[in-house]
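Below is one structure, written out as structure tokens, with a few remarks after it.
The values are calculated or read from the model by the stated rules, or taken from the named source; none is laboratory data. Remember, predicted model here, so these are calculated numbers, not experimental data. Backbone-built Cβ (ideal geometry, glycine too); neighbour counts: all protein chains shown.
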Amino acid sequence: MELEDLGYNDTVAQSMAGYNLDGLEPGRVVAEHRERYIVRTAAGEFDAEILGNLRFSAKGREDFPAVGDWVALSIYDSDFAIIHRILPRFSLLSRQAVGQFGEVQIIAANVDCAFLVQAIDRDFSINRFERYLTVCHSSSVSPVIVLTKTDLIDQSKKTELIELVKSRISDVPVIAVSNKTLDGYEDVKKLVERGKSYCMLGSSGVGKSTLLNNLAGKTVMRTDEISNSSNRGRHVTTHRELIVLESGGIVIDNPGMREFGIADSSFGLETAFDNIINFAQECKYNDCTHTNEKGCAVIDAVEKGKIDSDSYENYLKMERERAHFASTVAERRKKGKDLAKTIKSFKKNSMRIAT
Ligand SMILES: Nc1nc2c(ncn2[C@@H]2O[C@H](COP(=O)(O)OP(=O)(O)OP(=O)(O)O)[C@@H](O)[C@H]2O)c(=O)[nH]1
Ligand SMILES: [Zn+2]
């Protein structure tokens with residue numbers, strides 16, 4: 001793979017020029033996990049840490065590398081490198097971390113374009129597109145609206161909704177797709193350029209993986225597990241969060257993107273899963289997880305066909321991600337004194353959803 005496939009261009013080259021003289025190499029961060037990074041360079045992938053100086057002078061999260069960042073690094077041995085510099089970013093996707101006063105969560109750097117994905121059949125909201133657009137605008141990421149699952153509604157309704165979106169939101173391309181009819185995929189593919197970076201913002205279950213697979217022309221694991229060991233005796237498993245498509249184009253997909261979708265749409269959960277939530281009130285146990293309990297009214301309703309099984313699967317998936325998200329936040333706050341409060345508020349939140 002050439003650096004250009006990863007998005008290397010004249011601007012990055014110019015930022016890099018000075019550091020080349022010092023024997024540093026350019027690379028792009030493809031995964032990040034607790035201040036350890038996987039960086040891809042012309043010579044391959046390296047396990048990297050940041051220079052002590054860089055950590056020492058960091059004033060906030062923004063001063064640490066994020067997925068998508070171009071960095072200047074020195075390569076020490078076959079698999080270990082030190083990041084000396086973060087090259088200037090042209091865009092930065094971030095949001096206020098949940099419950100953490102003033103703290104910013106960096107989702108990804110140097111994203112050119114975000115696909116704002118919503119399924120056209122249910123839980124469809126122009127307000128949500130507008131919130132995503134606000135994020136794009138403040139992050140310098142250009143948006144493309146993708147309406148999915150158009151096979152689930154009839155043609156006239158589809159046209160009506162597309163017109164509605166276009167009348168509220170101008171100057172943003174709107175593409176309607178379906179993985180059943182394959183409508184729209186060519187239009188999305190035409191937008192994707194070699195060396196440009198894309199991300200997908202949208203709630204769970206709207207069809208982001210399906211879109212990615214169609215862009216890739218094959219099944220891409222959205223969490224591409226890689227195992228790294230180095231002669232320093234460390235061994236970590238991490239996920240590659242930046243995927244280079246064979247057809248050209250780069251897709252950044254990481255837990256932050258997902259949390260973004262979930263947190264953003266959490267208030268809409270009740271409406272999206274109204275049916276399930278109604279049945280859940282009749283479950284035998286108050287803390288029913290609706291997965292294997294005796295006397296679970298939700299499972300009963302799924303078996304009787306009163307709850308759509310896809311909708312049930314989505315609900316469980318959403319709950320798992322929510323639980324994962326909750327534990328990540330809790331982990332981050334372990335040292336803080338507000339842990340009890342956080343757990344309490346998450347419990348309150350999940351009860352609101354589960355009951
Ligand atoms: N009918 C129909 N179903 C679709 C379409 N696109 C996706 N689906 C289905 O919707 C479900 C969710 O799709 P995913 O692609 O996994 O959704 P996602 O946004 O990646 O979900 P997360 O991984 O939870 O973020 C799957 O069962 C898909 O088969 C479509 O165009 N039409
Ligand atoms: Zn239940």
- Message: From the list Asp187, Asp183, exactly one residue is under 27 Å from Leu245 (Cα atoms), of a type in the set (Asp, Glu), modelled with pLDDT of 95 or more and in the same structural domain as Gly207 (by TED's automatic domain parsing). Which is it?
- Response: Asp187
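Listed here are the residues, each with its yes/no results for (1) touching a helix residue (DSSP H, G or I) at 6+ places or on another chain (Cβ under 7 Å); (2) under 20 Å from Arg258 (Cβ atoms).
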residue	(1), (2)
Ser78	no, no
Leu87	yes, no
Val111	no, yes
Val146	yes, yes
Lys157	no, no
- Note on the structure: When the range 111-133 is checked residue by residue, the ones that are in contact with a Phe, Trp or Tyr (Cβ under 6 Å, 6 or more places away or on another chain) and more than 15 Å from ligand 1 (Cβ to nearest atom) are Cys113
- Task: Select from the range 136-174 the residues that are within 16 Å of ligand 1 (Cβ to nearest atom) and among the basic types (Lys, Arg) and write down the one among them that is nearest to the chain's Cα centre (by Cα).
- Result: Lys149
- In the range 225-242, is there at least one residue being in the same structural domain as Arg128 (by TED's automatic domain parsing), modelled with pLDDT of 90 or more, touching a strand residue (DSSP E or B) at 6+ places or on another chain (Cβ under 6 Å) and not polar (S, T, N, Q)? yes
- Message: Tally up the residues in the range 23-64 that are touching a Pro at 6+ places or on another chain (Cβ under 6 Å) and closer than 19 Å to Asn9 by Cα, please.
- Response: 1
- Item | Listing of strands (runs of 3 or more DSSP E) fully contained in the range 23-76 that carry 1 or more residues being surrounded by fewer than 16 Cβ atoms within 10 Å (Cβ to Cβ) and on the phi > 0 side of the Ramachandran plot | 44-50
- Item | Those residues of the range 301-331 which are modelled with pLDDT of 90 or more, in a helix (DSSP H, G or I) and either within 16 Å of ligand 1 (Cβ to nearest atom) or surrounded by fewer than 15 Cβ atoms within 10 Å (Cβ to Cβ) (or both), in sequence order | Val302, Glu303
- Message: Would you confirm, using the coordinates I've provided, whether Glu282 is at pLDDT 85 or above and closer than 22 Å to Tyr132 by Cβ?
- Response: no
